[in-house]
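Report on the following structure.
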Amino acid sequence: MNSSVIHEQVVDVQLFALARELTSVARVSLEVPVEGRPVTIADVQHALMARFPRLASLGAKLLFAVGTQYADENTVVQPGEPVACFPPVSGG
Amino acid sequence: MPRLTEHPIDSQQLLNAVQTTQAGAVILFLGTVREFTNQRQTLALDYEAFAPMAIAEMDRIEAEAREKWILAKIETIHRLGHLTLGEISVGVAVSAPHRDAAFAAGQYMIDELKRRVPIWKKENWSDGSQEWVHP
């Protein structure tokens, strides 16, 4: 029997606008697998899409922030850092 | 200091806030709720923000404008919630010693706000449908 321990980092993600409506939640805690390197936005996005397949309609258009700064797929998410996920902005 | 508000934007207050004897030029940009977009009729817009990041991003835009041009005072404000036709959704006021800098900074700030600040609008069309606007 494989007894390897699976590590996870809990990442809190806030969702806005169409991303919130497609998921029906404004906030979700995701358990993101830790694979011997820091968790990145790409990992968070993967976990988010697995949890909410309906987000696929926004696909590559989805934007991410760590704290209050835009992030790209390589941005590291430290334990406890909040993530935001949203569609292209349309203020003004 | 940029602001978000649930209340109507007072354009005169924006002008008053940037007027100073250090400035020889004052510009004011207002974004307002337009009735027609490609022949579709809008009844109202609903605005939502990721507020802490919106303020942080507006702050960064103000700082960038101050690095690029010699300015006196800046005011940036965005309305949130339900807006009906003609209401002011966004206001940018800039004062500067000279008009070239005031115009250029005002244009830069509203362009960057629309490109970067995490705020979203939802159309309420005259046929009763609703639709998030995203580029």
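Quick note: the coordinates plus some simple rules give every number you see, no bench work behind them. Please read these numbers as outputs of a predicted model, since none were measured by experiment. No Cβ is skipped: glycine too gets one built from the backbone with ideal geometry, and neighbour counts run over all protein chains shown.
Pairs of alpha-carbon atoms within less than 8 angstrom and 6+ residues apart define the contacts here; what relative contact order does chain A have, in percent?
Relative contact order, chain A: 36 percent.
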What whole-number volume per residue, in cubic angstrom, does the convex hull of the C-alpha atoms of the protein assembly as shown give? 137
Extent along principal axes [Cα atoms of chain B; Å; largest to smallest]: 50, 26, 26
Give me the distance in nm between label points sitting 7 Å out from Cα along the Cα-to-Cβ direction at B:Ser129 and B:Arg34, one decimal. 1.9
With a cut-off of 8 Å between alpha carbons and a minimum separation of six or more residues, what is the relative contact order of chain B in percent? 37
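Nearest-5 percent of antiparallel DSSP beta bridges in the range A:8-86? Mind dumping the intermediate values first?
Working: 15 of 18 bridges.
Taking every DSSP beta bridge within the range A:8-86, about 85 percent pair in antiparallel fashion.
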For A:Val32, list long-range residues whose amide hydrogen, built 1.01 Å from N in the peptide plane, is under 5 Å from its own amide hydrogen. A:Gln9, A:Val10, A:Val11
Largest to smallest principal axis extent of the C-alpha atoms in the range B:43-101, angstrom: 40, 26, 12
How far is it, in nm, from the label point at B:Glu64 to the one at A:Ser57 when both lie 7 Å from their Cα along the line to the Cβ? 3.1
Given backbone amide H placed at 1.01 Å from N, residues whose amide H is under 5 Å from that of B:Ile9, ignoring those fewer than 5 places away on the same chain, are B:Ile88
Calculate the spin-label point distance for A:Tyr70 paired with A:Glu31, positioning each point 7 Å from the Cα along the beta-carbon direction, and give it in nanometres. 3.4
Rank A:Gly80, A:Gly36, A:Gly67 by mean-square fluctuation in a GNM of chain A with C-alpha springs under 10 angstrom and give only the top-ranked residue. A:Gly36
Using DSSP to define loop residues, name the GluC sites (Glu not before Pro) in the range A:23-92 whose beta-carbon has at most 13 other beta-carbon atoms within 10 Å. A:Glu35, A:Glu73
Test of understanding: ordering A:Ile41, B:Ile61 by Cβ neighbours within 10 Å, fewest first, what list do you get? A:Ile41, B:Ile61
Computed ³J(HN,Hα) along the range A:80-85: with the Karplus parameters 6.51/-1.76/1.60, θ = phi - 60°, integer Hz and x for glycine or proline, the list is x, 6, x, 10, 10, 10
Just to be sure I understand: with springs between alpha-carbon atoms less than 10 Å apart, which residue in B:Ile55, B:Ile88, B:Ile70 has the highest mean-square fluctuation in the Gaussian network model of chain B? B:Ile70
Computed over chain A, Cα set: Rg, Dmax in Å: 13.6, 58
